[in-house]
Amino acid sequence: MTAERIAPVIAALPVPVLLIGQDDRVRASNDAVTAILGPNLVGNHYITAIRQPAVIAAVAETRMQRISRHVRFTGRDGANDTIYRVAVAMAGDDIALTFEDQTAAEAVGQMRRDFVANVSHELRTPLTALLGFIETLNGAARDDPEARDRFLGIMSDEANRMTRLVDDLLSLSRVEEDERVRPREQVDLGGLLSSVIKALEPQASAAGNTVALEIEAAGTMVPGDAGQLVQVFSNLIENAIKYGAQGGAVTVTLKPRKMYPRLRGEAVQIIVADNGEGIPTHHIARLTERFYRVDSHRSREVGGTGLGLAIVKHIINRHRGRLLIESEVGNGTNVSIFLPISQGAGVAS
Ligand SMILES: Nc1ncnc2c1ncn2[C@@H]1O[C@H](COP(=O)(O)OP(=O)(O)O)[C@@H](O)[C@H]1O
Ligand SMILES: [Mg+2]
């Protein structure tokens with residue numbers, strides 16, 4: 001086909017395509033490929049636009065063997081690199097390069113690798129401790145009842161830490177699984193909150209904290225999954241107890257919200273407020289990431305896994321609600337959950 005006939009066909013394609021003639025000059029290109037390689041491609045030697053040796057080698061080999069292949073190409077304009085998978089294929093006597101953006105797919109792969117690395121690291125720390133103590137109990141501390149008791153105490157703490165981590169991982173995967181299924185039960189929020197607070201009473205008094213409940217919307221029913229909502233509020237109130245002030249006061253408020261802007265229709269807001277040291281602003285947006293902690297040493301010390309808020313976020317998404325964290329260093333933290341009251345409402349997109 002002549003260049004005049006083929007150019008409009010290539011130009012009409014939505015995918016980035018570059019056609020290279022036998023003389024290694026670009027015969028045709030389109031806007032999509034110009035966005036990657038820059039303007040003025042046609043008529044020029046293709047190597048002036050693609051300077052990456054892997055691509056140049058793939059073009060040469062394809063021409064010699066007349067066998068199509070794939071090669072990676074890294075786009076370097078803009079703040080971040082863009083990774084493309086380039087199909088190098090014979091098109092008559094020409095060679096067609098088709099670019100496919102792989103950045104998102106690679107990011108998912110990277111996230112999965114990071115997650116596995118994080119989980120392994122979190123499990124390895126208590127395991128190393130356990131193995132060390134087992135060795136000591138088998139040797140030096142074998143006949144020292146005092147040391148034995150102390151070590152067994154630490155070993156049980158470490159084993160409990162692993163159990164919590166595995167429990168949270170399982171919860172997270174369950175929650176992710178049914179995120180698209182709307183909860184159908186009707187839940188009495190006031191009752192649910194007071195039972196969560198009651199269950200956390202021992203933990204609160206051990207930390208010298210008080211937890212008060214203020215209900216401004218008595219008898220509020222929301223469509224929800226009671227078990228999951230218990231998980232949400234246990235986590236938030238536990239965080240307020242753990243990361244709030246020593247001897248501090250935690251308040252849980254349930255209030256009606258007529259037409260909360262981001263939720264279509266009537267909603268309720270539940271605020272968990274503490275008067276602890278607060279969270280520096282730059283951390284706030286990242287707190288719902290898995291394993292993200294402001295101070296991981298402190299979190300581990302108080303038995304945290306770093307997965308709590310990630311679980312909360314998924315559950316609230318499933319309920320078509322919203323999570324809002326507001327904090328000022330020195331002035332405590334307010335974590336709000338907004339939940340739609342009626343079945344049809346939810347986050348406006
Ligand atoms: N009320 C709070 N005050 C201060 N920091 C908080 C509060 N709630 C959460 N955080 C911070 O957010 C991090 C993540 O919380 P979370 O996901 O529940 O994990 P965990 O409690 O297991 O560490 C905590 O480690 C802590 O640094
Ligand atoms: Mg937590």
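Derivation of every value follows stated rules applied to the coordinates shown; laboratory data play no part. Quick caveat, the model's predicted, so the values are computed rather than measured. Please note: Cβ atoms are built from the backbone with ideal geometry, for glycine as well, and neighbour counts cover all protein chains shown.
I'd like the full set of residues that are part of a helix (DSSP H, G or I) and β-branched (V, I, T), limited to the stretch 166-204.
From the stretch 166-204, those part of a helix (DSSP H, G or I) are 166-177, 189-204; that's our starting set.
Selection gives V166, V175, V196, I197.
For residues that are touching a residue at least 40 places away in the same chain (Cβ under 8 Å) and not hydrophobic (A, V, I, L, M, F, W, C), scanning just the stretch 307-325, find the one that is farthest from ligand 2 (Cβ to nearest atom). Walk me through it before giving the result.
Within the stretch 307-325, the first condition is being touching a residue at least 40 places away in the same chain (Cβ under 8 Å), and the residues that meet it are 307-312, 314-322, 325.
Narrowing the set further to residues that are not hydrophobic (A, V, I, L, M, F, W, C) leaves 308, 314, 317-322.
Numbers: G308: 3, H314: 14, N317: 18, R318: 19, H319: 19, R320: 23, G321: 18, R322: 19 Å.
Ranking the candidates gives R320 first.
When the stretch 22-64 is examined, which residues are found to be among the polar types (S, T, N, Q) and outside any helix (DSSP H, G or I)?
Here is the first cut: in the stretch 22-64, the ones among the polar types (S, T, N, Q) are 22, 29-30, 34, 40, 44, 48, 52, 62.
Selection gives Q22, S29, N30, N40, N44, Q52.
For S234, only one of the following conditions fails: (1) over 24 Å from L172 (Cα atoms); (2) within 16 Å of ligand 2 (Cβ to nearest atom). What is its number?
Evaluating S234 over (1) over 24 Å from L172 (Cα atoms); (2) within 16 Å of ligand 2 (Cβ to nearest atom) leaves (1) as the failure.
Select from the stretch 213-243 the residues that are within 16 Å of ligand 1 (Cβ to nearest atom) and hydroxyl-bearing (S, T, Y) and write down the one among them that is surrounded by the fewest Cβ atoms within 10 Å (Cβ to Cβ).
Among residues in the stretch 213-243 that are within 16 Å of ligand 1 (Cβ to nearest atom) and hydroxyl-bearing (S, T, Y), the one surrounded by the fewest Cβ atoms within 10 Å (Cβ to Cβ) is S234.
Show the residue pairs meeting these rules: Cβ distance below 8 Å; 6+ apart or different chains; first residue within the stretch 230-242 and within 13 Å of E201 (Cα to Cα); second residue assigned to a helix (DSSP H, G or I) and within 11 Å of ligand 2 (Cβ to nearest atom).
Here the result reads E238/G308, each pair linking the stretch 230-242 to a residue that is assigned to a helix (DSSP H, G or I) and within 11 Å of ligand 2 (Cβ to nearest atom).
Looking only at residues that are crowded, with 16+ Cβ neighbours inside 10 Å and not small (G, A, S) in the stretch 53-66, which one is nearest to Y84 (Cα to Cα)?
First pass over the stretch 53-66, keeping only residues crowded, with 16+ Cβ neighbours inside 10 Å: 55, 58-59, 62-63.
Narrowing the set further to residues that are not small (G, A, S) leaves 55, 59, 62-63.
Numbers: V55: 11, V59: 15, T62: 18, R63: 21 Å.
Filtering first and then ranking leaves V55.
If you scan the stretch 294-318, which residues turn out to be among the small types (G, A, S) and either within 6 Å of ligand 1 (Cβ to nearest atom) or in contact with a Ser or Thr (Cβ under 9 Å, 6 or more places away or on another chain) (or both)? Show your work before the answer.
Within the stretch 294-318, the subset among the small types (G, A, S) is 296, 299, 303-304, 306, 308, 310.
Selection gives S299, G304, G306, G308, A310.
Which helices (runs of 4 or more DSSP H) sit wholly inside the stretch 252-349 and have at least 3 residues that are more than 22 Å from V196 (Cβ to Cβ) and under 25 Å from the mean Cα position of the chain (by Cα)?
Values: elements: 281-284, 296-301, 308-318.
Hits in the stretch 252-349: 281-284, 296-301.
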